[in-house]
Amino acid sequence: MTDAQQYLDDLVACPQCDTLHAAQDLPEGMRACCQRCGHVLMSTQRTAVARIIALALTAFVLMIAAVTFPFLSLNAGGVQNATSVIDAVLAFKDGLAFPLAVATAFFIVVLPLMRLSALIYALGPLVTERKPHPGARFAFGLAERLRPWSMAEIFIVGVTVALIKVAGMAAVTIGPAFWAFAGVVVITILKDQLICRYSIWEALDQAKA
Amino acid sequence: MQVFDLGSSGPSQGLTTARAAGLVACRTCGQVHHKGAERCKRCQSPLISRDHQSLQKVWAWLIAGIIAYIPANTYPMLLTSTLLERSESTIIGGVVDLMHYGAYGIAFVVFFASVVIPVGKFLAIMYLAVSVQRASQANQHGRHKAYDLVEFIGRWSMIDVFVVAILSALVQLDTIATINPGIAAVSFALSVIFTMLAAQAFDPRLIWDVDRTPHD
Ligand SMILES: [Zn+2]
Ligand SMILES: [Zn+2]
């Protein structure tokens, strides 16, 4: 590696305002913010990778449970109707709304699962200090770029609103998948809080060398 | 958490941007490259020093989002049929129904997610785009916060679409009561997606560029 290249690798540019900073090893428990706009550039969470992987694996298993087990069922006047997460997606399958069924499937199931798999693929080997898989950096970048489109937490709030709407007209039974889905949401939020992008990119870089 | 002073790599006093230093930074991973590099060597994301078409894209997505928001409000979101009657409810109609049941808190959540957030977002994105076009130097921190807020909160508007999905899947009780999605659900979802794309097309570095000497 040439000196010039090393110099570039020691710089961090703020993604929000492009201001250059010199990267440094932070003391434990501190974080560094952009001097110009205040965006958090790095924080120290050295032991986080193992916890991130543990949480991602748990969320993955719970998500599989959430799509397979019964989600909700409704009972009124002797007529019963059970609904899974897949049924909620398929609510839009008719006619013009079909693309919305596809989009909903992506927002609440496919993209959350893709983010989790990409993260496990990218960071898994780091936990046991092995070399990252080929494409690990691309996978981590993808997981981060998909973040705004992964809407499991919004779905669970929507479900709560819907439950309050029907509570007056019929008896609702909440199935195991509902709790599994709520678990996915909580764990994903915890996991995303542990991710310091800068440290993970550094960890991926160092593991390669 | 304490805040650590990273210092700047620029000339002793002022702060330098990657662009002013003849460099281009990856917005996905922060890796800095020489100007002219097309893809990030670390994560393969495309590298763009400044997206000069940013504002054009912002306006295009924003206008599409506003157009889609109109039918979302005038057409029914939910088609309900019970033994006695068939009814259609719009976004606002749904909020009014909730208030009827006495569920004021939830009515507020739905109203906030389906009306306040989308309209607020249209206005905020317009304000950001216009202020950058006018090269405004005022209130950069405030505008940057507005941008962060729009990015963070915009997706929550999808709540109402998911409410429709769950209600339509759940309430299928033969003749007693059935609920089906109305066409407004599709245009509302499109409106949310278009405005999310508008917010993502906005390059926040443009807010901070005005008081820097133009480079390339
Ligand atoms: Zn910054
Ligand atoms: Zn990159």
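The values are calculated or read from the model by the stated rules, or taken from the named source; none is laboratory data. Bear in mind the structure is a predicted one, so any value in this text is a computation, not a measurement. Don't worry about glycine lacking a Cβ; one is built from the backbone with ideal geometry, like all the others, and counts go over all protein chains shown. To get the accessible areas, we keep the full protein, side chains included, count just its heavy atoms, and leave off ligands, DNA and RNA. Shrake-Rupley method; radii C 1.70, N 1.55, O 1.52, S 1.80 Å.
Which one, B:M99, B:V58, B:F152, projects farthest toward the positive side of the charge dipole computed for chain B from Cβ point charges (K/R +1, D/E -1)?
Of B:M99, B:V58, B:F152, it is B:V58.
Output the relative contact order of chain A, whole-number percent, from Cα pairs under 8 angstrom with separation of 6+ residues.
27 percent
Using a probe radius of 1.4 Å on protein heavy atoms only, what is the accessible area buried between chains A and B, both sides summed, to the nearest 100 Å²?
Adding both sides of the contact gives about 6800 Å².
Whenever you get a sec, line up B:V96, A:V49, B:V130, B:V164 from highest to lowest accessible area (probe 1.4 Å, protein heavy atoms).
Reading off the accessible areas and sorting them downward yields B:V96, B:V130, A:V49, B:V164.
Show me, bin by bin at 10 Å from 0, the whole-percent P(r) of region B:51-211 based on Cα pairs.
11, 35, 27, 16, 8, 3, 0
Take the alpha-carbon centre of region B:21-99, take the same for region A:28-81, and report the distance between them in whole Å.
22 Å
Over chain A, what lengths in whole Å, largest first, do the semi-axes of the equivalent ellipsoid take, defined as the square roots of 5 times the eigenvalues of the alpha-carbon gyration tensor?
Computed over chain A, the values are 41, 17, 16 Å.
What lysines does A:K131 reach when the alpha-carbon gap must be under 27 Å and sequence neighbours fewer than 8 apart in one chain are set aside?
A:K191, A:K208, B:K41
Taking only the C-alpha atoms, wrap a convex hull around the protein assembly as shown and report its volume per residue in Å³ as a whole number.
Dividing the Cα hull volume of the protein assembly as shown by its residues yields 151 Å³.
For every other residue with a beta carbon closer than 10 angstrom to the beta carbon of B:C40, add +1 if it is Lys or Arg and -1 if Asp or Glu, then tell me the sum.
Taking every Cβ under 10 Å from that of B:C40, the sum is +4.
Determine the share of region A:136-180's accessible area contributed by carbon and sulfur atoms, expressed in whole percent, with a 1.4 angstrom probe.
73 percent
How large, in percent, is the carbon and sulfur part of the accessible surface of region B:51-211 at a probe radius of 1.4 Å?
Carbon and sulfur: 66 percent of the exposed surface of region B:51-211.
Loop-only check: which trypsin sites (Lys or Arg not before Pro) in region A:130-209 are DSSP coil with at most 16 other Cβ within 10 angstrom?
Qualifying residues, ordered by number: A:R130.
Run the numbers on region A:88-104: which residues show a drop of 50 Å² or more in accessible area, chain on its own versus all protein chains together, using a 1.4 Å probe over heavy atoms?
Going by heavy-atom accessible area, the residues of region A:88-104 that drop by at least 50 Å² are A:A91, A:F92, A:L100.
For A:T68, B:T178, what's the largest-to-smallest order of accessible area, 1.4 Å probe?
A:T68, B:T178
Which aspartates and glutamates have a Cα lying under 13 Å from the Cα of A:K165, excluding residues fewer than 8 positions away in the same chain?
Hits, sequence-local ones excluded: B:D97, B:D160.
Once the Cα atoms of helix B:159-170 and of chain B are each reduced to a long axis, what angle between those two axes, in degrees from 0 to 90 to the nearest 10, is obtained?
Between helix and principal axis, roughly 40 degrees.
I'd like the residues of region A:187-202 whose 1.4 Å-probe accessible area shrinks by no less than 40 Å² going from the isolated chain to the full set of protein chains.
SASA drop of 40 Å² or more in region A:187-202: A:W201.
Less than 13 Å Cβ to Cβ from A:S150, Lys/Arg counted +1 and Asp/Glu -1: what total charge do the surrounding residues give?
Summing Lys and Arg as +1 and Asp and Glu as -1 gives +2.
Taking B:K57 as the anchor, which lysines have their alpha carbon closer than 18 Å to its alpha carbon, excluding any fewer than eight residues away along the same chain?
Here the lysines satisfying the reach criterion relative to B:K57 are B:K121.
What accessible area per residue, rounded to a whole number of Å², is obtained for the protein assembly as shown using a probe radius of 1.4 Å?
Per-residue value: 45 Å².
Let a ≥ b ≥ c be the square roots of the eigenvalues of the Cα gyration tensor of region B:72-123; is it rounded (a/c under 1.5), or, if not, prolate (a/b larger than b/c) or oblate?
oblate
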